[in-house]
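The structure appears below as structure tokens.
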């Protein structure tokens, strides 16, 4: 019979927390990082520990489409909706509670297994949630990852259109490139 291992009840030291966030953020700086699940979960963890007004500050720079995993985008949308509701009720300093988000997801019929698992990951006591300044940095990393995915898709589409050579394919492909400058600006990269 093995003895269960008891997790420490001591919080993670602040320097260790900063190192964890640095590790998550720098992992998305790699140009091949098209999907950064740790970044998405860590960002959600930070939002779930933030106050409604702080969450709305992040919402100004982050869109649910910046998330790759649909379950993460679903949770993000629920968090933003709850923050807006609290702010509208005159409670911008009210903290978001994971239980509130879970109830909202369930009421909307969006608490699927994958969403519930992701919510559990984001609220696990394994790590302290990042502070709001780090959440903003993680949001920037997600915008950059979305740009990389868009560029990857556009590149594949261009090659496919060039190989097929049909005028309609080329026109469609070129018109689909129009969104890339805006995604670039959102990711902090100015283009002409």
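Read the figures in this text as sums done on the coordinates, not as results from a lab. Quantities reported herein were computed from a predicted structural model and do not represent experimental measurements. Quick reminder, even Gly has a Cβ in these numbers, built from the backbone with ideal geometry, and neighbours come from all protein chains shown.
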Of all residues making up region 104-133, the number that are surrounded by fewer than 16 Cβ atoms within 10 Å (Cβ to Cβ) and either part of a helix (DSSP H, G or I) or touching a strand residue (DSSP E or B) at 6+ places or on another chain (Cβ under 9 Å) (or both): 7
All positions within region 48-69 that are within 10 Å of the chain's Cα centre (by Cα), assigned to a helix (DSSP H, G or I) and touching a residue at least 40 places away in the same chain (Cβ under 8 Å): 65, 66
Only one of 152, 93 that is under 16 Å from residue 68 (Cα atoms) and exposed (fewer than 14 other Cβ atoms within 10 Å of the Cβ): 152
Any hit, region 179-190, residues being loosely packed, with under 13 Cβ neighbours inside 10 Å, on the phi < 0 side of the Ramachandran plot and in a helix (DSSP H, G or I): yes
Total residues in region 137-159, condition in contact with a helix residue (DSSP H, G or I) (Cβ under 9 Å, 6 or more places away or on another chain) and without any contact (Cβ under 8 Å) to a residue 12 or more places away in the chain: 1
Residue list for region 86-103, restricted to those being touching a helix residue (DSSP H, G or I) at 6+ places or on another chain (Cβ under 8 Å), outside any loop (DSSP other than H, G, I, E, B) and without any contact (Cβ under 8 Å) to a residue 40 or more places away in the chain: 86, 87, 100, 102
Given (1) closer than 15 Å to residue 142 by Cα; (2) touching a helix residue (DSSP H, G or I) at 6+ places or on another chain (Cβ under 9 Å); (3) without any contact (Cβ under 8 Å) to a residue 40 or more places away in the chain, index of the condition residue 43 fails: (3)
Candidates 77, 82, filtered to the one that is surrounded by fewer than 21 Cβ atoms within 10 Å (Cβ to Cβ), under 17 Å from the mean Cα position of the chain (by Cα) and assigned to a helix (DSSP H, G or I): 77
